[in-house]
Amino acid sequence: MYLFASSISYHILHAGVSPLEKIARTALVYAALILVLRFVGRRTLAQLNPFDLVVLLLLSNVVQNAIIGPDNSVVGGVIGAFTLVGLNEIVVRVARRHSRLNDILAGRRSELISGGKINERGLRSTGLNEGELTEFVHADSLDDIERMTLLPGGKIDVHKKGPAEAATRADLARVSEQLAALQVAVAALSKN
């Protein structure tokens with residue numbers, strides 16, 4: 001019984017690779033996946049179609065052996081998990097502090113519709129098409145959309161067209177009075 005228990009504990013706790021190798025493998029795969037998702041994944045993050053879902057599901061299985069190597073121990077799995085979470089936390093914090101790095105890692109906004117017109121360049125750069133945009137806003141057409149932007153995290157920001165309001169003479173007079181009052185206030189502050 002003792003031999004059986006010690007054999008089980010050995011296989012559970014004994015890492016098949018060194019902790020340093022485990023950390024290095026995890027970090028390399030993490031970096032590779034960040035690059036892959038950065039350059040081809042924005043559409044995937046915005047709206048999953050069945051093909052994208054299959055790729056994402058298989059992606060974890062494909063990189064699993066690259067991370068764990070010949071190690072199936074609990075200790076190895078815990079080292080890999082802590083490395084992934086810790087590395088991600090470091091990358092997120094550093095990217096928050098350095099906007100240039102954040103732009104490189106997360107990307108920038110992509111205007112999909114601007115001024116009520118579809119931005120073909122924005123669609124091409126994101127890999128989306130007009131049908132997917134229409135599907136996203138749950139409408140028959142995009143005629144009611146003033147602006148649509150794909151944000152770096154994959155969310156889509158939509159602004160619908162609002163009713164145009166004509167300014168009356170009274171509106172213009174009121175704005176003119178407010179500007180005059182602001183000018184007087186600024187002049188008074190400048191003297192003090």
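When the range 14-24 is filtered for residues that are part of a helix (DSSP H, G or I) and closer than 10 Å to Gly76 by Cβ, the ones remaining, listed by number, are Pro19, Glu21, Lys22. Scanning the range 115-150 for residues that are surrounded by 14 or more Cβ atoms within 10 Å (Cβ to Cβ) and assigned to a strand (DSSP E or B) yields Ile118, Ile145, Glu146, Arg147, Met148, Thr149, Leu150. Residue count for the range 104-114, restricted to those that are of a type in the set (A, V, I, L, M) and either modelled with pLDDT of 85 or more or open to solvent by less than 40 Å² (accessible area, probe 1.4 Å) (or both): 3.
Taking the range 50-90 as the range and being among the β-branched types (Val, Ile, Thr), touching a helix residue (DSSP H, G or I) at 6+ places or on another chain (Cβ under 7 Å) and within 13 Å of Leu33 (Cβ to Cβ) as the test, the residues that pass are Val63, Ile67.
What number of residues within the range 135-192 satisfy the criterion of being more than 30 Å from Ala106 (Cα to Cα) and not charged (D, E, K, R)? The qualifying residues number 25. Looking across the range 92-103, not a single residue is open to solvent by less than 100 Å² (accessible area, probe 1.4 Å) and among the basic types (Lys, Arg). Restricting attention to the range 152-167, the residues being out of contact with any helix residue (DSSP H, G or I) (no Cβ under 9 Å at 6 or more places or on another chain), assigned to a loop (DSSP other than H, G, I, E, B) and open to solvent by less than 70 Å² (accessible area, probe 1.4 Å) number 1. Here the condition is being open to solvent by 50 Å² or more (accessible area, probe 1.4 Å), within 29 Å of the chain's Cα centre (by Cα) and at pLDDT below 75; of Leu45, Leu35, Leu13, it holds for Leu45 alone.
The values are calculated or read from the model by the stated rules, or taken from the named source; none is laboratory data. Worth saying up front: this structure is predicted, and the values here are computed from it rather than measured. Note that each Cβ is placed from the backbone with ideal geometry, even for glycine, and that neighbours are counted across all protein chains shown. SASA here: full protein model, heavy atoms, side chains in, ligands and nucleic acids out. Shrake-Rupley method; radii C 1.70, N 1.55, O 1.52, S 1.80 Å.
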